[in-house]
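Q: Before I ask anything, let me first share the structure, which is written out below as structure tokens.
The values are calculated or read from the model by the stated rules, or taken from the named source; none is laboratory data. Fair warning: this is a prediction, and the values are worked out from it, not measured in the lab. Neighbour counts run over all protein chains shown; Cβ positions are idealised from the backbone, glycine included. Side chains are part of the model used for accessible areas, which takes the heavy atoms of the whole protein and leaves out ligands, DNA and RNA. Shrake-Rupley method; radii C 1.70, N 1.55, O 1.52, S 1.80 Å.
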Amino acid sequence: MRIPLVLLAALLLSACAHQSPRNPLATWVPSSNHDARRPVLVVLHYTEQESVQRSLDTLRTANSGGRVSSHYLIGQDGTRYQLVSDLDRAWHAGAGSWGAVSDVNSASIGIELDNNGRVPFTEPLVESLLVLLGDLKTRWRIPPENFIAHSDLAPGRKVDPGVHFPWKRLAQHGYGVWPRDDTPPAPPGFDVVQALRVVGYPVDDLDATARAFRLRFRALADGPLDAEDQRILYALVQGWTIPADAAVQP
């Protein structure tokens, strides 16, 4: 049976797509001293749409800003969908940074949560998210402080996953950080800007960063950083945070 040239070319290209790229300008002498690129961040979003089906459609096509995707989407009933391999770069974070990571899409796993931003997250969704985060933390060895909000890396541009997201509950399971209630006030002369930088926030627009920080840790969108914000920041940089499982019931 003769295979048309166009089909044969397509089959060859498909086969090559599943192999490591080899530069024809050099002799291939393989080494076993390598591994796959690892994500180091998990970024949490809300979809701001009214149905999981609509979000699935958007994440496979485009929104008003162009093509968009995420690695996972979790529905209100807890159903988990994977759209992009953990090893591949999904387009979910956009412009922004966290700590030393400036190309967040290349270093992160994005998780979209089926929520419009105006109501609390459903219990099945949160329980399902905790299972997924446990898997990602174990497989990719992601530290607690690297589970972050979209608003954390893009202050002033993004506000998701919003004021209803249960960050303290996640921290109790080891995903994200949360200050202990018994931490003391920040000392006189406490450097707020340096503390924000140490936590991971970009500090080029301090007003926007302050709003993002308060959104995450106090569910408040506006206002300058006050003594309570400084106490929280001081606790975070000192490591006075909720230990994983400290408040989790068996």
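Q: Restricting things to Cα coordinates, could you compute the convex hull volume per residue of segment 76-116 in Å³? Each step should come with its number before you reach the end.
A: Working: hull volume 3.7 nm³, N = 41.
So the per-residue hull volume is 91 Å³.
Q: Have a look at segment 130-235 and give its Rg and Dmax from the Cα atoms, expressed in angstrom.
A: For segment 130-235, the Cα radius of gyration and maximum Cα-Cα distance read 13.8, 42 Å.
Q: Something else: If I stretch the segment between Asn116 and Arg60 completely, what's the gain in nm (0.36 nm per residue apart, minus their alpha carbon distance), one decimal? Numbers along the way, then the final one.
A: Working: separation 56, 0.36 × 56 = 20.16 nm, distance 1.87 nm.
In short, 18.3 nm is gained.
Q: Summarise the accessible area of the chain (1.4 Å probe, protein heavy atoms) by the percent that is carbon and sulfur. Don't jump to the answer; show the numbers that get you there.
A: Numbers: 7600 of 14040 Å².
Percent of accessible area from carbon and sulfur atoms in the chain: 54.
Q: Could you tell me what fraction of 2.2 N^0.38 Å the Cα radius of gyration of segment 29-118 comes to, as a two-decimal ratio? Display every interim value, and only then the final one.
A: Values: Rg = 14.7 Å, N = 90, 2.2 N^0.38 = 12.2 Å.
Working it through for segment 29-118, the quotient is 1.21.
Q: How many nm is it between the label spots at Arg139 and Arg169, if each spot is 7 Å from the Cα in line with the beta carbon?
A: So the label points at Arg139 and Arg169 sit 2.4 nm apart.
Q: Using mean Cβ contacts within 10 Å as the protection proxy, how do 43-54, 103-114 order, highest first?
A: Details: 43-54: 18.9, 103-114: 22.4.
Order by mean packing, descending: 103-114, 43-54.
Q: With no solvent and one equal point scatterer placed on each C-alpha of the chain, evaluate the Debye formula and give log10 I(q)/I(0) for q = 0.13, 0.16, 0.18 Å⁻¹, two decimals.
A: -0.86, -1.20, -1.45
Q: On C-alpha positions alone, give me the angle between the axis of helix 5-17 and the longest principal axis of the chain, in degrees, nearest 10.
A: So the helix axis and the longest Cα principal axis differ by about 40 degrees.
Q: Rounded to whole Hz and in sequence order, give me ³J(HN,Hα) for segment 145-152 from the Karplus expression 6.51 cos²θ - 1.76 cosθ + 1.60, θ = phi - 60°, writing x for Gly and Pro.
A: Going residue by residue, I get 5, 9, 9, 10, 8, 4, 5, 5 Hz, with x marking Gly and Pro.
Q: For segment 54-177, would you read off the P(r) tail past 18 Å as a percentage of all alpha carbon pairs? Spell out each step's value before the answer.
A: Details: 4011 of 7626 pairs.
Roughly 53 percent, once rounded to a whole number.
Q: Give the value in nm², to one decimal: projected area of the alpha carbon convex hull of segment 96-156, averaged over all directions. Walk me through the numbers before you get to the answer.
A: Numbers: hull surface 19.9 nm².
The orientation-averaged projected area of the Cα hull of segment 96-156 comes to 5.0 nm².
Q: Another question, if that's okay. Mean residue ellipticity at 222 nm from the helices of the chain, using -39,500 (n - 2.57) per DSSP H segment of n ≥ 4 over the full residue count, to the nearest 500 deg cm²/dmol? Display every interim value, and only then the final one.
A: On the way: 9 runs with 86 residues, N = 250.
Here the helix-only value at 222 nm equals -10000 deg cm²/dmol.
Q: Equivalent-ellipsoid semi-axes (√(5λ), Cα gyration tensor) for segment 33-81, whole Å, largest first? Walk me through the numbers on the way to the answer.
A: On the way: eigenvalues 123, 44, 19 Å².
Taking √(5λ) for each eigenvalue gives 25, 15, 10 Å, largest first.
Q: For the chain, what is the accessible area per residue in Å², given a 1.4 Å probe and the full set of protein chains? Mind showing how you got there, number by number?
A: Numbers: 14040 Å² over 250 residues.
Accessible area per residue, the chain: 56 Å².
Q: Kindly express, to the nearest 10 degrees and within the range 0 to 90, the angle between helix 227-238's C-alpha long axis and the longest C-alpha principal axis of the chain.
A: In the chain, helix 227-238 runs at an angle near 50 degrees to the longest axis.
Q: With N set to the residue count of segment 165-217, report its C-alpha Rg divided by 2.2 N^0.38 Å to two decimal places.
A: Against the compact-globule rule of thumb, the ratio is 1.25.
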